[in-house]
1. Looking only at segment 165-175, which residues are under 10 Å from the mean Cα position of the chain (by Cα) and either among the aliphatic types (A, V, I, L, M) or at positive phi (or both)?
2. Across segment 20-31, which residue is surrounded by the most Cβ atoms within 10 Å (Cβ to Cβ) among those that are in contact with a strand residue (DSSP E or B) (Cβ under 6 Å, 6 or more places away or on another chain) and farther than 21 Å from I79 by Cβ?
3. Just for helices (runs of 4 or more DSSP H) wholly inside segment 143-208: which have at least 2 residues that are within 22 Å of K283 (Cβ to Cβ) and modelled with pLDDT of 95 or more?
4. Name the residue that is surrounded by the fewest Cβ atoms within 10 Å (Cβ to Cβ), counting only residues in segment 66-102 that are over 19 Å from the mean Cα position of the chain (by Cα) and small (G, A, S).
5. Which of (1) touching a Ser or Thr at 6+ places or on another chain (Cβ under 7 Å); (2) exposed (fewer than 14 other Cβ atoms within 10 Å of the Cβ) does E193 not meet, given it meets every other one?
6. Go through (1) in contact with a helix residue (DSSP H, G or I) (Cβ under 8 Å, 6 or more places away or on another chain); (2) in contact (Cβ under 8 Å) with a residue 24 or more places away in the chain; (3) among the charged types (D, E, K, R) and name the single condition E61 misses.
7. Within segment 231-283, count every residue that is under 24 Å from D172 (Cα atoms) and basic (K, R).
8. Please count how many residues of segment 220-246 are part of a strand (DSSP E or B) and exposed (fewer than 15 other Cβ atoms within 10 Å of the Cβ).
Amino acid sequence: MITVTSAAGHAGSAIVKVLVDAGFEVGATDINPAVKDLPGIKQAFVGDLTNIELIDKLTKESDQIVYIPPLFSAEESLIGKQLVDFSVTNHVSQFIFISVTHSILTSLLQHVAKRDVEEHLVYTGMKKQLPYTILQPMHYTHNFLPKQVHETGTFEYFYTSTGKLCYVDDQDVGEVVAKVAKDPDKYNKGTFELVGTKKAYTPDEVVAIYNQITGEHAKAVHVDLDDFLSKIHVTDLYMRAAFKHLSDSYSDWGLDGNPLVLETLLGRKPTGLEGYIKREMQK
C-alpha cells in the first residue's frame, strides 16, 4: 500500500485520485476526518502527524510513503525527520517527499523546514539506503480557484500587485508521483523541480486569463494580510508568521523557475493556467 499524508488537502486529494486511477492500493492520512471519504482508497488514518504512534502505524502498514507536510506547522521539520526514521525502522520500500521549489530560500519558513527534511532524507538515504525521491512543486494552481472567482467576481491576494509567481498543476504533480511510485529504482535518490509555467504572473495577469476564457469581468483585489488571516480564521502564531514571510517574499522577489524538468518527466507540456482554468470551470 502507498500512503499519502495530508491527503484531504488540495494537493493531497489530487495525488490520491491519480494514484487510485493508476491502480495503486492507496492509504490516506489527515487530521481532517474528511480523509475517510476520499474515493477509492484502501485505508484511511485520521490523526495528527505530531503523534509518534500514528507515524509508527503508518510506516508499519505502508510499503511506500508519499509525504506531503502539513500546512504551516511549527513541527514540520520534526514530523518529516521522524517519518524518515520510522520508514527505515519499519522497512518502507520507498519514501517520496513532496517538498517545494527552491527549498534553499531562507525568506520562507516552510521552505526552511522542507530543506531540513530534504537534508535528513539525503543523509539517511546514503547511510541506510532508504530509497527516496524528492519532488519540489512550484506554487500550486489551486491557489487560484476559478469557481470561487466566478461566484465572488474577485481574486483576493495578500502580497503586492507586482509580485510574480510561476504555477504548477497538482494533477501534473500527481502524475509524476505515480510514475515515481511505479518505478522506484529509476527515480531513486533523484531531486526534481516541478514547475508548470515558464512565465511568472501577477495577480492581475492571472485574472486576465480567467476573464479571457470565461468572458467575465473579475478583478484582482489586494487584501491587507491581517484582514486576510482573520477572514480565513488563522490564529496560530507560527502560521501567521509563515503567511507574513510569504507576503514579504512574494512582494520583494516573487517566485519563479523553469518547467523543463516537469516537461521531461511528463513527456508533454505541463498544464498551464489556461488549461487548469478551463478544466476547473467544466467541473
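The values are calculated or read from the model by the stated rules, or taken from the named source; none is laboratory data. Bear in mind that the values here come from a model prediction, so they are computed numbers and not experimental data. For neighbour counting, all protein chains shown are included, and Cβ atoms are generated from backbone atoms with ideal geometry for every residue, glycine included.
1. Within segment 165-175, V168, V173 meet the criteria.
2. Of everything passing the filter in segment 20-31, F24 is surrounded by the most Cβ atoms within 10 Å (Cβ to Cβ).
3. Answer list for segment 143-208: 146-152, 170-182.
4. S93
5. (2)
6. All conditions pass for E61, except number (1).
7. Number satisfying all stated conditions: 5.
8. The qualifying residues number 2.
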